[in-house]
Structure formats: C-alpha cells, structure tokens
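I have placed the structure first, in the form of structure tokens, so that the comments after it can refer back to it.
Throughout, read-outs are computed from the coordinates displayed, never taken from laboratory work. As the structure is a computational prediction, the values presented were derived from the model and not from experiment. Note that each Cβ is placed from the backbone with ideal geometry, even for glycine, and that neighbours are counted across all protein chains shown.
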Amino acid sequence: MGNMVSFNRPDGQRVQGYLAEPAQAAGAPAIVVIQEWWGLNGQIRGVADRLALAGYVALVPDLYRGKLTVEAEEAHHLMSGLDFGDAASQDIRGAVQYLKTRSTKVGVTGFCMGGALTLLALSNVPELDAGVVWYGCPPLEYIDASKIKVPVQGHFGTQDQFFAIATIDELETTLKAAGVATDFHRYLAHHAFANETAVGPGRIPATQYDPVWAQQAWDRALRFFGRTLG
C-alpha cells in the first residue's frame, strides 16, 4: 500500500520513511507514526496502512536508519543508542514539516518507545495539531507540559510492567495542571496490548496482545483524530 520516501530534517539531513496514502490523498489530514523499539518493521507499516485506509496520509520515519530486529536484547541496544531529543526535534519534526506541505492538519502517534517519543514530540514540534500516545512515557522530567498546546489522547495498560500506571497517573496530572486537553484511557491489559504480533511463544515476556482492548482503543483514537484533525 505504501512506499519509501525521503524528507529533510530541519538541520538539512535526509531521512527515509514509509509513506502510506489513502485513496483520496488530496487534502487529507496526516499522521506521523512512531515505531516501537523493533524498528520500521511490517507491524508498524501495518499501522500506517490502517490509518491510510481510515483516510489519513501516514508517515513512519525510519529512526534506526534501516536497522531492524526481532530480538528484545538488540531492540534494547538500538533504543539505547537512539538520541531521543534529536529524534523528536529533528527526525519527527522533519516528518511533520514534510506532511505539512500537503496537509493542513498533522497529528502524531506512537507505541512503546514511540509513545514516549510522541510525548517528547508534542513539546518539541510546534507544527503538530494533536497526539495519541500508546503505552509509553519518557522520564517525566523530560516533558515540558507548558509547551504542549494541542489535545493529547493516551492508551495505557494497568498491568504494564514497563511503564507503571502510577507514572501515567502522574503524567496525566502534570498535563492537566498545564492546561493540556487530556483524554487518557486505561485498560486491564499488559504492555503492547494493541500489537497483534505480541502473541504466542515468540512474544517477549510481559507483553500481550488483547484484540478487544485494541479495537476499543483504535476506535477511540480514530474518533479523536477525526475530531482534532478533521
């Protein structure tokens, strides 16, 4: 459905990304999709394709510059090597600026590591219009809530062993105190509950796909983007 494109970061460096477009791409709103720690794999391409089917132009920037893994240890290594500030203020902002040349409204969404980067992008990318965070959060001291001027929706699992729900409660309080329009949802679910590959013996421990919660969260996310991106 989609294809690889390249775009410029604000500093002029070129970045690759996976672009999925709806049947009616002209004038369609757009969404930057941020990968989990695995890289730009088939699953995250599928998220972009899903958004394209829902009428959005979707772009997944390749934050790992072509590297992919299915091993948790290597994923952790790749994620540890990623400069989050640079990814948010350069790669993701470049993707947003690229989409802004064709779409009036641009949102951002991300999962796990990408959820944390979504929150960082919301406070580092003034061109954004809305964000949806899926089960991820950076250390709270890295979020400048006063810089987030757009609505934020979040989907979190109460059983998440990577991002404690108490931290999410604190995040929600911080955002609301700063006047951010916040729409957080909690599910009786584990980490990666919306990742359809987090099933069976191959999944890493403490992750578990839940199709029922995933569908409900997706319904909410698409309604939210419909309202905020139009």
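Remark on the chain: hydrodynamic radius 17.3 angstrom, per the Kirkwood mean of 1/r across alpha carbon pairs. Sparsely packed loop sites in the stretch 101-189 (the chymotrypsin sites (Phe, Trp or Tyr not before Pro) outside DSSP H, G, I, E and B with at most 12 other Cβ atoms within 10 Å) do not occur. Among the GluC sites (Glu not before Pro) found in the stretch 1-92, those both in a DSSP coil and sparsely packed, with 14 or fewer other Cβ atoms within 10 Å of their Cβ, are E71. Per-residue Karplus couplings for the stretch 216-230, computed as 6.51 cos²θ - 1.76 cosθ + 1.60 with θ equal to phi - 60°, are listed in order as 5, 5, 5, 4, 5, 5, 5, 5, 4, 5, x, 6, 8, 9, x Hz, Gly and Pro entered as x.
In whole Å, what three semi-axes, largest first, describe the equivalent ellipsoid of the stretch 9-84 built from its Cα gyration tensor (square root of 5 times each eigenvalue)? It would help to have the intermediate numbers written out before the result.
Values: eigenvalues 125, 47, 13 Å².
Equivalent-ellipsoid dimensions as semi-axes: 25, 15, 8 Å.
Considering only H190, H76, H155, the Gaussian network model of the chain with Cα springs below 10 Å gives its largest mean-square fluctuation to H76. In this entry, the stretch 99-230 is assigned a mean projected area of 7.9 nm², taken as a quarter of its C-alpha convex hull surface.
Between the beta carbons of Q16 and L222, assuming R0 = 22 Å, the FRET efficiency works out to 0.25 to the nearest 0.05. Taking amide H atoms as placed 1.01 Å from N in the peptide plane, the amide H of V133 lies under 5 Å from those of Q153, G154, H155, each 5 or more residues away in sequence or on another chain. Based on the convex hull around the alpha carbon atoms, the stretch 152-230 presents an average projected area of 5.6 nm².
Contact order for the stretch 1-136, expressed relative to its length and based on alpha carbon pairs under 8 Å spaced 6+ residues apart, stands at 27 percent. Computed from the Cβ-Cβ distance with R0 of 22 Å, the FRET efficiency linking K100 to T167 stands at 0.10. A Förster distance of 35 Å, applied to the separation of the beta-carbon atoms of K149 and Q208, puts the FRET efficiency at 0.50.
Length available on full extension from E73 to F184: 0.36 nm per residue minus the Cα-Cα distance, which gives 36.9 nm.
For the stretch 70-142, what number results from the quotient of the Cα radius of gyration and 2.2 N^0.38 Å? Intermediate values should be presented prior to the final figure.
Numbers: Rg = 12.7 Å, N = 73, 2.2 N^0.38 = 11.2 Å.
My calculation over the Cα atoms of the stretch 70-142 gives 1.13.
Could you pull out the pairs from K67/K149; K100/K147; K105/K147; K67/K147 whose alpha carbons sit more than 27 Å apart here? Write down the numbers at each step before the final one.
Numbers: K67/K149 33 Å; K100/K147 20 Å; K105/K147 18 Å; K67/K147 32 Å.
Pairs exceeding 27 Å: K67/K149; K67/K147.
Across the stretch 70-75, rounded Karplus estimates of 3J(HN,Hα) from the backbone phi angles (6.51 cos²θ - 1.76 cosθ + 1.60, θ = phi - 60°) give 10, 9, 4, 4, 6, 4 Hz, Gly and Pro being marked x. Only beta bridges with both residues in the stretch 1-148 are counted; by DSSP, about 45 percent of them are antiparallel. With the simple model of a label 7 Å out from the Cα in the direction of the Cβ, Q43 to N8 spans 3.5 nm.
Which whole number in µm²/s is D for the stretch 32-163 by Stokes-Einstein, with the Kirkwood Rh taken over Cα pairs at 10 °C and 1.306 mPa s? Mind dumping the intermediate values first?
On the way: Rh = 14.8 Å.
Stokes-Einstein gives a translational diffusion coefficient of 107 µm²/s.
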